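The values are calculated or read from the model by the stated rules, or taken from the named source; none is laboratory data. This is a predicted model, so every value here is computed, not measured. Cβ placement follows ideal geometry from the backbone for every residue including glycine, while neighbour counts extend to all protein chains displayed. Accessible surface areas use protein heavy atoms only, side chains included; no ligands, DNA or RNA. Shrake-Rupley method; radii C 1.70, N 1.55, O 1.52, S 1.80 Å.
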Amino acid sequence: MGRRPEILCVDGVDHVLLRGADPKVMLLGHHDTVWPLGTLDELPYTETAGVVSGPGCFDMKLGLVQAIHALAWLRRCRGTGVLDQVTLLITGDEELGSTTSRALIEQEAGRCRAALVLEAAGPGGALKTGRKGVSLYRIEVLGRAAHSGLDPEKGVNATIAIAEVVLAIAQLADPAAGTTVTPTVMSAGTTPNTVPATATVAVDVRAGTAEEQHRVDRAIREVAPVLVPAEIRVRGGINRPPMERSAAAAPTPATSTRRSRGSSRVRDCSPPSSRNSQVGAPGLNGGRRSPDARARCSPRVRTGL
């Protein structure tokens, strides 16, 4: 494209920024994936009959390729100067909550009138004009250790206490409102013959409205241990607010067409588009999706589209 991007390293995470001189639109994506290190040994990159397979190619190497080719096409049709009106930002920590890139996203989005997030679209290529918000929690239960054979009654079993907490938290979900509350990674104890003194659980919350997101946040902080005198400590909270549909861009001809087909929906995954809307840059999410890519984590995309 005739221009070299900046590589910005923030707390050990690399972000790629190609900033236009007078940007109107930001193209936003990420180069990290949810796949663990070593996955390529078991699931290597391949291309067969026009179908690319491999970890991260759908989420979201496909979108990055589309962004680069779109900018190259603009340059070819309109000249190099058109790139002054576009900022391309590719972050390196979206899957972890954009902890090091959040300020950068807000800064660059604030310079633009709109943002396009090029993660894969919905069925039929539908643009996403609303996104659920994400809250992330780490809940710790503090009990009291004791020997499990000699005097277990002297202990306060953190495993039992956190099991009760998990059941209580799971009840905060509201399927009718589209709110999910999912306990995920859990750990407890140190040795098999010791009453566990500590236990932790991670909780993932998705909500379509700020009202729902705050309702769950308050309720999680109010959960009390059934097993006394165990204590509960709640860390974390709201990571990304929802991008409610009213915060998205006004309909363009493309989005109006999608909406008329009933395909503009709030989805259950939340890339940085919700962050754009907080700083005055309306966001649309989702470029063209491959027929072979049926799920967010599907490692297959079709080339030549």
Fill in the blank from the handout: Those residues of the range 28-46 that are within 23 Å of GLY97 (Cα to Cα), aliphatic (A, V, I, L, M), open to solvent by 20 Å² or more (accessible area, probe 1.4 Å) and in contact (Cβ under 8 Å) with a residue 12 or more places away in the chain come to a total of 1
Exercise for the section: Please determine, by comparing only the residues of the range 189-200 that are over 14 Å from GLU231 (Cα atoms) and in contact with a strand residue (DSSP E or B) (Cβ under 9 Å, 6 or more places away or on another chain), which one is surrounded by the most Cβ atoms within 10 Å (Cβ to Cβ). Expected result: VAL195
Fill in the blank from the handout: Across the range 152-169, the tally of residues that are open to solvent by 60 Å² or more (accessible area, probe 1.4 Å) and within 25 Å of the chain's Cα centre (by Cα) stands at 1
Completion exercise
Checked GLU119, GLU140, GLU94 against criteria (acidic (Asp, Glu), in contact with a helix residue (DSSP H, G or I) (Cβ under 7 Å, 6 or more places away or on another chain) and closer than 30 Å to ILE220 by Cβ); the one match is GLU119
Fill in the blank from the handout: When the range 140-162 is checked residue by residue, the ones that are touching a Ser or Thr at 6+ places or on another chain (Cβ under 9 Å) and among the hydrophobic types (A, V, I, L, M, F, W, C) are VAL141, LEU142, ALA145, ALA146, ALA158, ILE162
Practice task
Show the residue pairs that are 6+ apart or on different chains and have beta-carbon atoms under 8 Å apart, the first residue being within the range 203-218 and hydrophobic (A, V, I, L, M, F, W, C) and outside any helix (DSSP H, G or I), the second being surrounded by fewer than 15 Cβ atoms within 10 Å (Cβ to Cβ) and modelled with pLDDT of 95 or more.
Solution key: VAL203/ARG138; VAL203/THR182; VAL203/THR184; VAL205/THR182; ALA207/ALA177
Exercise for the section: Scan the range 72-94 for residues that are surrounded by fewer than 16 Cβ atoms within 10 Å (Cβ to Cβ) and of a type outside the set (S, T, N, Q) and jot them down. Expected result: ALA72, TRP73, ARG76, CYS77, ARG78, GLY79, GLY81, VAL82, ASP84
Fill in the blank from the handout: By residue number, the members of the range 134-177 that are of a type in the set (S, T, N, Q) and assigned to a helix (DSSP H, G or I) are THR159
Practice task
Evaluate the range 170-184: report whether one residue or more is open to solvent by less than 60 Å² (accessible area, probe 1.4 Å) and in contact with a Phe, Trp or Tyr (Cβ under 9 Å, 6 or more places away or on another chain).
Solution key: no
